[in-house]
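Worksheet: one structure, shown below.
The values are calculated or read from the model by the stated rules, or taken from the named source; none is laboratory data. Because the structure is a prediction, the values reported are computed rather than measured. Neighbour counts are summed over all protein chains in view; Cβ atoms, including those assigned to glycine, are modelled from backbone coordinates with ideal geometry.
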C-alpha cells in the first residue's frame with residue numbers, strides 16, 4: 001500500500017534546510033547535543049538532505065529554536081500551512097478590556113467555523129479539502145480567542161478598567 005503524505009518532498013527538504021541553518025547557530029551538533037535529548041549523529045541526520053526518513057522531533061526543534069533565538073523552523077512550517085508567523089511578544093494588547101468590536105469579531109470568527117462545517121456536511125461527508133478549510137477557520141478562531149485572552153490579561157495585569 002502506497003502512503004500519500006500531505007507534505008511534499010520539497011516541504012520536507014525546506015524543513016531540513018532550516019535545521020541545517022540553525023545547527024551552526026547553536027554551536028554545531030556537538031555543542032547542541034548537550035542541551036537537547038538526542039546525540040550529534042542524530043542531529044546531523046535531521047539536516048541531511050539524503051536522510052529522507054530522519055526529521056527532527058518537534059521537542060528537539062523547539063529546543064533548537066529556543067537555543068538559537070530563531071523561529072526558523074516554525075516560520076517554514078507556518079508558511080507551508082498558509083500562515084504568517086507574528087510575534088505576540090511585541091504586540092501591545094493595551095490596558096482596556098475587550099470591547100463590543102472585539103466580541104463581534106470573535107463571534108464572527110466562531111460563526112465562520114460553524115458555517116464552513118455546515119456547508120461541508122451538507123452532503124453527508126467531509127472531503128479532505130473541506131476538512132482543510134474547516135481547520136483553517138478553526139485556527140483563525142483560536143487565534144482570535146488567544147488575542148481576546150491576551151487583551152483581558154493585559155487589562156488585568158496593568159491595572160486597567162477591571
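For segment 13-38, what are the residues that are farther than 12 Å from residue 67 by Cα and part of a helix (DSSP H, G or I)?
13, 14, 15, 16, 17, 18, 19, 20, 21, 29, 30
Residues of segment 39-73 being within 23 Å of residue 5 (Cβ to Cβ) and not in a helix (DSSP H, G or I), which ones?
48, 49, 50, 51, 52, 53, 54, 55, 56, 57
Would you point out which residue out of 155, 141, 120 is at pLDDT below 90, surrounded by 15 or more Cβ atoms within 10 Å (Cβ to Cβ) and more than 23 Å from the chain's Cα centre (by Cα)?
Just a single option satisfies the conditions, and that option is 155.
Looking at residue 62, is it farther than 30 Å from residue 154 by Cβ and either out of contact with any helix residue (DSSP H, G or I) (no Cβ under 7 Å at 6 or more places or on another chain) or outside the structural domain of residue 145 (by TED's automatic domain parsing) (or both)?
Taking the combined requirement at face value, the residue does not satisfy it.
Name every residue in segment 6-29 that is over 24 Å from residue 132 (Cα atoms), touching a residue at least 40 places away in the same chain (Cβ under 8 Å) and buried (at least 16 other Cβ atoms within 10 Å of the Cβ), in order of residue number.
Scanning segment 6-29 gives 18, 19, 22, 23, 26.
Among the numbered criteria (1) closer than 30 Å to residue 138 by Cβ; (2) at pLDDT 95 or above, which single criterion is violated by residue 76?
Of everything listed in (1) closer than 30 Å to residue 138 by Cβ; (2) at pLDDT 95 or above, residue 76 misses just condition (2).
Please verify whether residue 124 is in contact with a helix residue (DSSP H, G or I) (Cβ under 8 Å, 6 or more places away or on another chain), part of a loop (DSSP other than H, G, I, E, B) and on the phi > 0 side of the Ramachandran plot, treating the condition exactly as stated.
no
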